[in-house]
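Peer 1: Just dropping this structure here.
Each reported figure results from applying straightforward, stated rules to the coordinates on display, with no laboratory input. On a predicted model such as this, the values are computed, not experimentally measured, just so you know. Backbone-built Cβ (ideal geometry, glycine too); neighbour counts: all protein chains shown.
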Amino acid sequence: MKVVRIDLAYDGTGFRGWARQRDRRVRTVEGVLTEALGKLLGDEPKLSVAGRTDAGVHAEGQVASFESDRDLDLDRMRRSLNGMLGPEVAVHRVRWAPHGFSARFSATGREYRYRIDTAEVPDPFSSRYVWLRPGPLWLRAMRSAAAGLIG
């Protein structure tokens with residue numbers, strides 16, 4: 001078996017998180033990616049993922065992987081996935097991963113970014129991704145509160 005690694009990004013606004021739900025009518029990132037892969041491969045693979053997101057959460061550097069015993073045209077797969085899933089889901093790279101790779105268990109770190117806009121009115125081009133909180137931030141208090149989250 002070979003392992004396929006998929007590096008992707010997505011706008012989570014229209015999704016109920018990453019994880020596929022029992023009720024297949026609930027739209028999730030894993031659900032649409034798995035269905036698209038099923039159309040390309042003939043059957044839906046079991047995906048491993050580096051980290052699951054909640055409803056409405058976006059990802060810039062998500063990694064998913066699955067095992068396959070086939071010879072696959074990975075560049076064609078990337079183009080096809082982008083054609084089926086874009087613009088909400090963007091597949092940046094599809095490549096063979098080393099034997100034993102698992103997006104979930106091989107991850108070495110995660111980074112979370114929380115963006116705050118302090119303007120008086122929201123920016124319509126970023127308001128889906130940035131929290132609007134008009135006025136100056138109290139950085140000292142924020143740093144103190146966040147100190148326990150490092151690690």
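Peer 1: Considering only DSSP states other than H, G, I, E and B, which chymotrypsin sites (Phe, Trp or Tyr not before Pro) in the range 42-145 qualify as loop sites with at most 11 other Cβ atoms within 10 Å?
Peer 2: Passing sites in the range 42-145 are PHE105, TYR112, TYR114, PHE125, TRP138.
Peer 1: Among LEU41, LEU72, GLY61, pick out the residue whose Cα is farthest towards the positive end of the charge dipole of the range 36-75, where Lys and Arg carry +1 and Asp and Glu carry -1 on C-beta, about the Cα centre.
Peer 2: Value: GLY61.
Peer 1: While we're here: In the range 69-129, how does Rg compare with the Kirkwood Rh, expressed as the Rg/Rh ratio over alpha carbon atoms?
Peer 2: 1.14
Peer 1: Now for a different question. Run the helix sum for the chain: -39,500 (n - 2.57) per DSSP H stretch of 4+ residues, divided by residue count, reported at 222 nm to the nearest 500 deg cm²/dmol.
Peer 2: -6500 deg cm²/dmol
Peer 1: Taking Cα centroids, how far is the range 27-41 from the range 119-151 in Å?
Peer 2: Cα centroid of the range 27-41 versus Cα centroid of the range 119-151: 34 Å apart.
Peer 1: Going by how many other beta carbons lie within 10 Å of each one, how would you line up SER48, SER106, SER127, fewest first?
Peer 2: Ranking SER48, SER106, SER127 by Cβ neighbours within 10 Å, fewest first, gives SER127, SER106, SER48.
Peer 1: Mean Kyte-Doolittle of at least -0.5 and a Cα length of 15 Å or more along the axis: which whole DSSP H helices of the chain meet both?
Peer 2: Helix filter hits for the chain: 29-41.
Peer 1: If you put +1 on each Lys and Arg Cβ and -1 on each Asp and Glu Cβ, how big is the dipole of the range 2-97 around its Cα centre, in Debye rounded to 20?
Peer 2: 120 debye
Peer 1: Moving on. How about the range 62-151: which trypsin sites (Lys or Arg not before Pro) there are in a DSSP loop, with at most 10 other Cβ atoms within 10 Å of their Cβ?
Peer 2: ARG70, ARG110, ARG113, ARG115
Peer 1: Please give the contour-minus-distance gain from ARG27 to THR108: 0.36 nm per residue of separation, less the Cα-Cα distance, rounded to one decimal in nm.
Peer 2: Extra length available between ARG27 and THR108 comes to 26.3 nm.
Peer 1: Could I ask something else about it? Which FRET efficiency value, to the nearest 0.05, do you get for ILE150 and GLU60 by plugging their Cβ-Cβ distance into 1/(1 + (r/R0)^6) with R0 = 25 Å?
Peer 2: Computed FRET efficiency for ILE150 and GLU60: 0.75.
Peer 1: If we count GluC sites (Glu not before Pro) as exposed when they sit in a DSSP loop and have at most 10 other beta carbons within 10 Å, what is the longest stretch of the chain that avoids them all?
Peer 2: 1-110
Peer 1: Decide, for the range 1-45, between rounded, prolate and oblate: order the square roots of the alpha carbon gyration tensor eigenvalues as a ≥ b ≥ c, take rounded if a/c falls under 1.5, and otherwise choose prolate if a/b is larger than b/c, else oblate.
Peer 2: oblate
Peer 1: So, one more: Working out 0.36 nm times the residue gap between GLU88 and VAL121, then minus their Cα-Cα distance, what length gain in nm do you get to one decimal?
Peer 2: Full extension of this stretch gives 9.3 nm more.
Peer 1: Here's something else I'd like to know. Before anything else, pin down the relative contact order of the range 2-97: Cα pairs under 8 Å, at least 6 apart, normalised by residue count, whole percent.
Peer 2: Result for the range 2-97 is 45 percent.
Peer 1: Find, among the trypsin sites (Lys or Arg not before Pro) in the range 1-59, those assigned to loop by DSSP (not H, G, I, E, B) with at most 10 other beta-carbon atoms within 10 angstrom.
Peer 2: Answer by residue number: ARG22, ARG24, ARG25, LYS46.
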